[in-house]
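Before any comments, here is the structure.
The values are calculated or read from the model by the stated rules, or taken from the named source; none is laboratory data. As the structure is a computational prediction, the values presented were derived from the model and not from experiment. Cβ atoms come from the backbone with ideal geometry, glycine included; neighbour counts cover every protein chain shown.
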Amino acid sequence: MKRILLFIVFLSGFCFPQKTDSLNMNDSQNIDSIAIKSKKEIKTKDIDDVVMTGTLKPVSRSKSPVAVEIYSQKFFQKNPTPNIFEAISMVNGVKPQLNCSVCNTGDIHINGLEGPYTMILIDGMPIVSSLSTVYGLSGIPNSLVDRIEVVKGPASSIYGSEAMGGVINIITKNALTATKLSIDVMTTTWSENNLDLSTKFNVGKNIASLLSLNYFSFEKKFDENNDNFTDAALQNRISVFNKWNFRRKENRQASFALRYLYEDRFGGEMQRNKSYRGSNEVYGESIYTNRVEAFGVYQWPLKENIFTQFSYNFHDQNSFYGDNPFTATQKVLFTQTYWNKKFGNHDLIAGFTFKRTFYDDNTPGTLSTDGLSNSPMRSPILGAFIQDQWEIDEKNTVLVGYRFDYDKIHHEIHSPRFAWKFAPNPYHTLRFNFGTGFRVVNLFTEDHAALTGSREVVIRTNLKPEKSINGNLNYIWKIPAGKNLINLDASAFYTYFSNKIVGDFDTDPEKIIYDNLHGYGISRGLSLNVDYNFSFPLNVGLGVTYLDVYQKFDDERQKSQQLHAPKWSGTYNLSYKFPNNLTIDFTGQFYGPMRLPVLPDDYRPEYSPFYTLANIQVSKAFKSGFEVYGGIKNVFNFTPKDPLMRPFDPFDKYLNDPVGNPYHYTFDTTYGYAPMQKIRGFLGIRYILK
């Protein structure tokens, strides 16, 4: 730690502030900048990002009727992390939720909705789903990312009925335009070592290939809170990515990509080694993950704009949670063909989709009806969609969409969608979105608490699929201030759930009881993002989100706040760039009290405290293409208190001890809500050869 601090102080010695009149672009969104020639004359220069997530086809962000947030790789480099799961915490309203204090699994919440409501796409393809939401997210390295597009709210008519809460689309780099060589090496004082390496090579004039390797190693055990459990899960992970892009006549699209991921993850008692895997002597959670992905797009060589997209993924998990084994295999094939045509002011998209999922595990979830034999899930879904974007005039744009899906279990699924954009001038934009959602739940892949073995899983009835209705109102206001703009982005959202599937942690401390909600659920709230580039080289970005997430039983509102849904949360980032290419970034997130799953008569508080996870980085770029960076993570040294219940008895051998355990507490891993890693330093170096 002392070496890291000395390094930061040393670099700071080169800092000499200097005023500048140049306009700095906001890295997170790269939205319009303005130059004021005089107090009376304001001219607008459009520097629009091209987005595809809101409407499937590439359009400029300002013309999209769907509110899309864009985050570049450079934005995430303000707080370097080894994977997307950790990086996405920098986005306001998007919360990576830690679901287990032992193996550190998690999912991504958007506007208070649980992780399974978030659809994760890679290049527009539904690569991450079901089984891979548990551990696959941490295996996506930042080195693959060109940008990330976030849609908060329903996108069902285009991406399928399961996009109930929002969409995160990870756009990978284009091999035709990628740099020749990119290297990024980082280490921390906790011995977390990360290597990102990518290289590009051409095959003739019209074919380019991008080969990327990510290796992450964290194998040193830490137990700073002295509970005899690892504070962070050990990980040994490798990811290999290869993408091919083809230059064709009339700029027609064609690309193909492959990715392989292997991860060995462990969390548990400090004395545990691999010889104890699956035993009831020393507790450990050990997960081996093998994953293969393939995806691509091909534009047909016709006058009409016809595209075919496809993806396939194979995910195999071999794991033990204590002495409880969990093995699972999932294969997902997805393909869609769509046609895009402009008719005057109408931009029409129509297409067909096919998705087939094979899923098998060793839980009751894949047993036959009589419970006597194994019955893997084979779920083909056929779909068709149509969407029209109508530019009524310069100020008004309307989007209307409809999707129809059919599967043999739930039969017809209807997903309408409506969006309206009103922009009276370049400084004001109002967007309204409405949509529905439909989701089939797989408890054993989506709720990690059902896997840990710490509680018995009880399913009361045949669970019905969840349905939702969602509305979102977004307002963007660009306020002239000096020679730059104050960018204000505000949203209000509302989601109504019927048949919501909930886990009851309270009725019986030894069980998780799943059932459809006898009533309905509501998720509503407000979010606000503000950023400003000062006339001197300081950029400030602040975001805050307010949530009101609750359930009603027989028209009576539940008194308790929903688990892991803080009413207040937000993000902040401040960047100051000195004239000698030295930059200081201060980034972080804050969270208000959130309700946690406690046991009856629990000695741990039911609500977490207000806390913030802050980071500071100093980086120095050189003309040769090298960049050196270093800093401190978790500056304020926050960690949760008592994340594990009875860590000294993980197998509940003394559950009924009237003297030592009069309240019959059980070992429980679900209370943790934030990383257990204390303050630590990091140091890294990047090199880019263009």
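Scanning segment 544-590 for residues that are at pLDDT below 85, hydroxyl-bearing (Ser, Thr, Tyr) and in contact with a Gly (Cβ under 9 Å, 6 or more places away or on another chain) gives a single hit, Tyr550. Annotation note: of Leu302, Leu261, the sole residue that is at pLDDT below 95 and either surrounded by fewer than 22 Cβ atoms within 10 Å (Cβ to Cβ) or in contact with a His (Cβ under 7 Å, 6 or more places away or on another chain) (or both) is Leu302.
Can you say whether Phe358 is surrounded by 14 or more Cβ atoms within 10 Å (Cβ to Cβ), in a strand (DSSP E or B) and modelled with pLDDT of 90 or more, as far as the supplied structure shows? It is false that Phe358 is surrounded by 14 or more Cβ atoms within 10 Å (Cβ to Cβ), in a strand (DSSP E or B) and modelled with pLDDT of 90 or more. Here Trp190 meets each of (1) under 26 Å from the mean Cα position of the chain (by Cα); (2) assigned to a strand (DSSP E or B); (3) surrounded by 16 or more Cβ atoms within 10 Å (Cβ to Cβ); (4) modelled with pLDDT of 90 or more with one exception, condition (2).
Only one of the numbered conditions (1) assigned to a strand (DSSP E or B); (2) at pLDDT 80 or above is violated by Ser379, and that is (2). Across segment 277-294, the qualifying residues are those that are hydroxyl-bearing (Ser, Thr, Tyr) and free of Cβ contacts under 8 Å to residues at least 60 places away in the same chain, and the one among them that is farthest from Arg265 (Cα to Cα) is Ser279. Given the condition modelled with pLDDT of 90 or more, in a strand (DSSP E or B) and more than 22 Å from the chain's Cα centre (by Cα), answer yes or no: does some residue in segment 595-609 qualify? Scanning segment 595-609, I find at least one residue that is modelled with pLDDT of 90 or more, in a strand (DSSP E or B) and more than 22 Å from the chain's Cα centre (by Cα), so the answer is yes. The residue that is farthest from Gly588 (Cα to Cα), among those in segment 524-551 that are part of a loop (DSSP other than H, G, I, E, B) and of a type in the set (Phe, Trp, Tyr), is Phe536.
Filtered by the rule that a residue be over 22 Å from the mean Cα position of the chain (by Cα) and either in a strand (DSSP E or B) or without any contact (Cβ under 8 Å) to a residue 24 or more places away in the chain (or both), segment 164-183 gives Thr177, Leu181, Ser182, Ile183. Answer yes or no as to whether Asp515 is assigned to a loop (DSSP other than H, G, I, E, B), under 21 Å from Gln562 (Cα atoms) and at pLDDT below 85. So Asp515 does not fit the description; no.
Taking the criterion of being out of contact with any Gly (no Cβ under 8 Å at 6 or more places or on another chain), buried (at least 19 other Cβ atoms within 10 Å of the Cβ) and over 14 Å from Ala481 (Cβ atoms), the only residue of segment 513-539 that qualifies is Gly521. Checking each residue in segment 621-672 for being among the small types (Gly, Ala, Ser), assigned to a loop (DSSP other than H, G, I, E, B) and modelled with pLDDT of 90 or more picks out Ser624, Gly625. Of all residues in segment 242-265, those satisfying the criterion of being within 13 Å of Ala175 (Cβ to Cβ) and assigned to a strand (DSSP E or B) are Asn242, Lys243, Trp244, Asn245, Phe246, Ala254, Ser255, Phe256, Ala257, Leu258.
Figure legend. Inter-residue proximity from segment 68-85: first residues more than 18 Å from Val167 (Cβ to Cβ), second residues hydroxyl-bearing (Ser, Thr, Tyr) and in a helix (DSSP H, G or I), beta-carbon distance below 6 Å, spacing 6+ or different chains. Indicated pairs: Asn83/Ser138.
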